[in-house]
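*Asks:* For reference, the structure I am asking about is given below.
Rule-based calculations on the coordinates, nothing more; no lab input. Predicted, not measured: the structure shown is a model, and the values here were computed from it. FYI the Cβ positions are ideal-geometry reconstructions off the backbone, even for glycines, and counts take in every protein chain you see.
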């Protein structure tokens, strides 16, 4: 287990987007990292970060004056957090790896690549072995899952470990900020909901199986949960809620399910990563929770709240899970993965080959 | 089949509530009925209907001046439409029946009473036999289902008839007007959703089985669908959407499912009830529909829109269905049932025993 | 006064935008007009109108199959309704006039041009004299005002005629549909309002003076009201509300102001234009009105509701006025102007020089 | 100037309401106060505060177990913060004063009482002289103004001091939380706004003149600004925005107005009250601000943001001002007044006569 003795230089790509901004905000107050480089789309290149910021006073002076680079670099930082759009990520991130960087990416581009770890620290930190053994600096890409997959898989993980998850019928209620700036048009979202998010259901059906799979011989053996998904967009600003009907291999009592959710330590507990709350899941103690606006900011936006655990007459267990889609579901997820690669000693030496 | 040769006198109970108002609005332009009496809660008794109306000019003069009676009457109309709250309905409706009235009720009080028909005209008009044979005037209560149950059951009915529905995992997105005036507090509903509606899931789990059951020997043999439900409240004004994952006995192709939905005539087609659209279900031809605001006013609020039909890897078929909760789900449902009792010759002679 | 004996062929430009769609919808059910040509932006050219329509079944067959032309034409219709964006209007509309067409435009491009009439039929139908005398067919452009200016000026007109309006402090609450599809981003508009609409306050400060000006010698002598404006965007779908503090030359009682608003016939009453309600202004009889959602659909969207008339200790009179921004404020405004040019015998002979 | 050497015992009345909760939250982390007693409505009496709390874990243990008293006491705390409803405040607060307590009240009941100080620390701390000289403990009531009056008057105060405010035309955009739990019904507020808040305009027209008045001979000589107000409710959760058109005695340049707003120290600067930001007003540096959701949490909810300063052709100067209605406009306002009475040595000795 490695704790940095001096700040680790990092670069943030896509620094002016919805997710990138929150990564920057997390970086400027982070105990381990030193934000030394930022990049945005070509048309912003050359401006100072502060000029592209909604509220420049909120940034420390030295960060405000960082020049916005082109997303392809060059960068000196060995560790790069990427909030690039999918298409840009697909070409730029591999090039950065080829230069020797370790890229922690929120983009969906490489998530299902067999050689790329898709990681939630509490769920599958061991999948980093795809990159090489702990303690060995390495170039590569580490991805975090889709913003609805994260809370969903975190609720499933303790059940899968203990009771075996066989099938899941999921319905998501996704906030507008999940669509990036400026969000869906307000003409669509006032007094309405949108019953389909293109491309989303496909991700939610496969990513949990990769996350809950086992790593071995340089590849992931995915779990075999059968997952059916409906993804909807609702007029909520932040916070994705997922309604889950779950079929288990075993037949635990509801109290056993509740106890399991409440006491699950996760697999990153001993790593004490700075962004993660001590307990991965919070069990709501009221029947009308989780609610996006009331629960999304729990644990600095990194809390995952489970509620409404009850019997499902069709599949066995029903529950709801909710987390902040921009924090736990994206920016905070990437930062936690960055902490994980640091803690496991995988960050390359500063400067890389750049 | 009976067509009224002169207008049938009707009374409306709970005439100033969210649902009652819409029943009144439907009555004043109805080809068969003559609104002769209105009642509201005790504290309104004695005022004219127009005084309690948001927009009195919208009412014909003779309706505007109708005095508001106490909900227990007395009434002269043989046919009474009730939008009373549950508790009031439980005592007042049986008393009206004892006086010889036929009460068409939107209240949940008597829905699951074994002797009381729970009816959607397109789904189970034959359940009226519980009251007695067609053509015979009768006193009694006819109820319509919960506002989310109506679109859900209308989507399930053609599948159940053709392929046998075994199990359903349902998730509802219910509009705020379903909670009655003034709706949930805006502090709850701005930038938020509410993941639980007390009492609602229980109704949605049982009413569809009664509706799709068979009538015989003075009782209903319910269908045996296993139904698991999550009910949520979303910041939408009108229009309940239900996401359905359906397990069928047979394994029809998705095209067969679509064709069945599109061509289902319903069981009220030959009755030509004035409030019902010619085709009970409309199949949306775009993947991002139904949407509450865009589809709820179809067919004067009586349209039921199905969309997103696709494979569910867990249960077989997945789809969404949506209808206007106050019209198709309540006021229009009661009026359609009133039309049904008229058409089948069950309305008692004017004046009853009152 | 001219009533068409056979349908007048019209073309609609910008037919697939927020406003253009509503013009098309008004045209297909209009007693005087025959929609023969439609145009949209270059990238839609060649498709049938029905292919670009959200709900093609809502269009009559002959309209559904109309091919989308380029906005510059050519067109055979002598009368053209334009919902083009400002920049396109600035070049295309004059070219159509040069070909001999009469263009009724919703665009802001030419509104303040001294030779172009800016018209609300009830307010200043005589301004059409800028184009030439009634009864004489003519090529030219007739514009309607900004969507917030229309209700505001309709409330001011009867007061100006009777009492002399000297100064106005206006605050607008503008709906998101006023910004065109897809509206402001939902991330901006959920749980928020936007205190500034670029370019809007400038229009609202000058257009009312042109509208209430006098025509003579081929030019408009504008009124001299001093107008200060704040324009805001609020999370409402349709309906612009304007709060007005008004200083009058005379000092009528509030009852006299109310009577004036209620009884104002407007200047188009004798023309009996099909789209206009018999009474231009409706005085709300409740203190909590007008409300956008409850009042915007009055008179098919062409109603203008005034309310909250009371003393302003600073300027004398205070009131609120509200109308549907897409109907009375745009599409219906253009159609009413088209009716006005027909009624006053100014439409050129079919075919023009095209 | 007095700094407490030991924590001052305080009681909070109405502790479970919208405002009372926020006072409790501010108290439990306050450097000067010790929350020793809480009270709520009669029907909660006897329960522990934590039982009535939405999120009991957020309260320190010793506060969670405080029993809820009846609002009339008895209390031992010499200093009482009251968030009682108007009617309850009118009877209970004078009784507490008679017992020797100093009551800092958010209720509107006594605000315009000539003997009761109505105070914003930055605006008129000297009005406390109504109670007696600084340094002398005293029983009495100190009130804070209406939640829209606070930001409005804070924007007017520096202008009034420097240039003389003669007249104001104000339009408010008030958030739903200003109406208390559960807020206006969501049926009213979805896709709508409400153009009238009963009783509100009357308060906004008079309270600023009392606040900007001069104290002498045991009474307030109010300022003589002529104020006309429209109050509206908009679908925003928190944050009241006020649009102001201002007539000044002098004719400063807009730059002088901006400089005055930006540099105004307020009259509490030297008191360094813990809840107040160092600079009372923040001048937004973007033309599209203040926005409620983006600016309301500035300075822990105590920031007041001014923007859109520009010329008003009618009255001279126009601007917008916004603040969090529950924090700066209510709970934080009361706490700041409590700090002010402590700092000026007016809190009675613990225990009073109780």
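*Asks:* Go ahead and run the numbers for FRET between residue D:129 and residue D:90, Cβ-Cβ distance against an R0 of 30 Å, rounding to 0.05.
*Replies:* 0.80
*Asks:* While we're on this one: Using a simple spin-label model with points 7 Å from Cα along the Cα→Cβ vector, what separation in nm is obtained for residue A:42 and residue B:65?
*Replies:* 7.7 nm
*Asks:* I would also like to ask the following. Rank B:66, B:283, B:181 by mean-square fluctuation in a GNM of chain B with C-alpha springs under 10 angstrom and give only the top-ranked residue.
*Replies:* Maximum among the listed residues: B:181.
*Asks:* Provide Rg over Rh for the protein assembly as shown; use the alpha carbon set for both Rg and the Kirkwood Rh (inverse mean inverse pair distance).
*Replies:* Over the Cα atoms of the protein assembly as shown, Rg/Rh equals 0.97.
*Asks:* How large is the convex hull of the Cα atoms of region D:149-324 per residue, expressed in Å³ as a whole number?
*Replies:* 137 Å³
*Asks:* Just C:62, C:122, C:99 to compare: in a GNM of chain C, with alpha carbon springs under 10 Å, which one fluctuates most?
*Replies:* Between C:62, C:122, C:99, it is C:62 that shows the largest mean-square fluctuation.
*Asks:* While we're looking at this one, here's another question. What share of the DSSP beta bridges in the protein assembly as shown is antiparallel, in percent to the nearest 5?
*Replies:* 45 percent
*Asks:* Alpha carbon centre of region B:1-59 versus region C:130-176: separation in Å?
*Replies:* Centre-to-centre (Cα) distance: 42 Å.
*Asks:* Same structure again: Pairs of alpha-carbon atoms within less than 8 angstrom and 6+ residues apart define the contacts here; what relative contact order does chain D have, in percent?
*Replies:* 21 percent
*Asks:* I've got another one for you. Per the Kirkwood treatment, what hydrodynamic radius in Å, one decimal, follows for region D:201-254 from the mean inverse distance over all distinct Cα pairs?
*Replies:* Roughly 13.7 Å, rounded to one decimal.
*Asks:* Here is a follow-up. Taking only Cα atoms, what is the 0 to 90° angle, nearest 10, from helix B:149-163's long axis to the longest principal axis of chain B?
*Replies:* So the inclination is approximately 50 degrees.
*Asks:* Counting DSSP beta bridges in chain A, what percent are antiparallel, to the nearest 5?
*Replies:* Here the share of antiparallel DSSP bridges comes out near 45 percent.
*Asks:* Something else now. Shielding by partners for B:240-246, please: the mean number of other protein chain Cβ atoms within 10 Å of each residue's Cβ.
*Replies:* That works out to 3 on average.
*Asks:* Restricting things to Cα coordinates, could you compute the convex hull volume per residue of region B:131-192 in Å³?
*Replies:* 150 Å³
*Asks:* On a 0 to 90° scale, report how tilted helix B:254-263 is relative to the longest principal axis of chain B, with both axes built from alpha carbons and the result rounded to the nearest 10.
*Replies:* Tilt of helix B:254-263: around 20 degrees.
*Asks:* Counting only Cα, what are the radius of gyration and maximum Cα-Cα distance Dmax of chain B, in Å?
*Replies:* Every Cα atom of chain B included, Rg and Dmax give 19.6, 60 Å.
*Asks:* Also: Between residue C:28 and residue C:262, take the C-beta separation as r, use R0 = 30 Å, and let me know the FRET efficiency to the nearest 0.05.
*Replies:* About 0.35, to the nearest 0.05.
*Asks:* Then there's this: Taking chain D as a Gaussian network, Cα atoms linked when under 10 Å apart, which of D:18, D:45, D:153 shows the biggest mean-square fluctuation?
*Replies:* Looking only at D:18, D:45, D:153, the biggest GNM fluctuation is shown by D:45.
*Asks:* Sticking with this one: Taking one equal scatterer on every alpha-carbon of region C:26-160, how large is log10 of I(q)/I(0) by Debye at q = 0.13, 0.16 1/Å?
*Replies:* -0.64, -0.93
*Asks:* From other protein chains only, count the Cβ atoms within 10 Å of every residue's Cβ in C:219-230, then give the mean.
*Replies:* That works out to 3 on average.
*Asks:* Considering only DSSP beta bridges with both partners in region C:149-325, what is the antiparallel share in %, to the nearest 5?
*Replies:* Beta bridges within region C:149-325, antiparallel portion: roughly 70 percent.
*Asks:* Could you state, as a whole-number percent, how many of the C-alpha pairs of region B:82-183 are farther apart than 20 Å?
*Replies:* Here the long-distance tail beyond 20 Å is 48 percent of all Cα pairs in region B:82-183.
*Asks:* On to the next question. With runs of 4+ DSSP H residues as the only contributors, calculate the mean residue ellipticity of chain B at 222 nm using -39,500 (n - 2.57) per run, divided by the residue total and rounded to the nearest 500.
*Replies:* -7000 deg cm²/dmol
*Asks:* Given a cut-off of under 8 Å on Cα pairs at least six residues apart, what relative contact order in percent is computed for region D:77-149?
*Replies:* The normalised contact order for region D:77-149 reaches 35 percent.
*Asks:* For region D:202-299, would you read off the P(r) tail past 17 Å as a percentage of all alpha carbon pairs?
*Replies:* 70 percent
*Asks:* Moving on to the next point. Rounded to the nearest 10 degrees, what's the angle between the helix D:18-27 long axis and the longest principal axis of chain D, both from Cα atoms, 0 to 90?
*Replies:* The answer is roughly 70 degrees.
*Asks:* For region D:269-354, what is the convex hull volume of its Cα atoms per residue in Å³?
*Replies:* Per residue, the Cα convex hull of region D:269-354 comes to 141 Å³.
*Asks:* Separation between the residue B:112 and residue B:272 pseudo-spin-labels, each 7 Å from Cα along Cα→Cβ, expressed in nm?
*Replies:* It is 4.0 nm.
*Asks:* Can I ask one more? Using a 7 Å offset from the Cα along the Cα-to-Cβ direction at both residue D:51 and residue D:6, what is the distance between the two label points in nm, to one decimal?
*Replies:* Using points 7 Å along Cα→Cβ, the separation is 3.2 nm.
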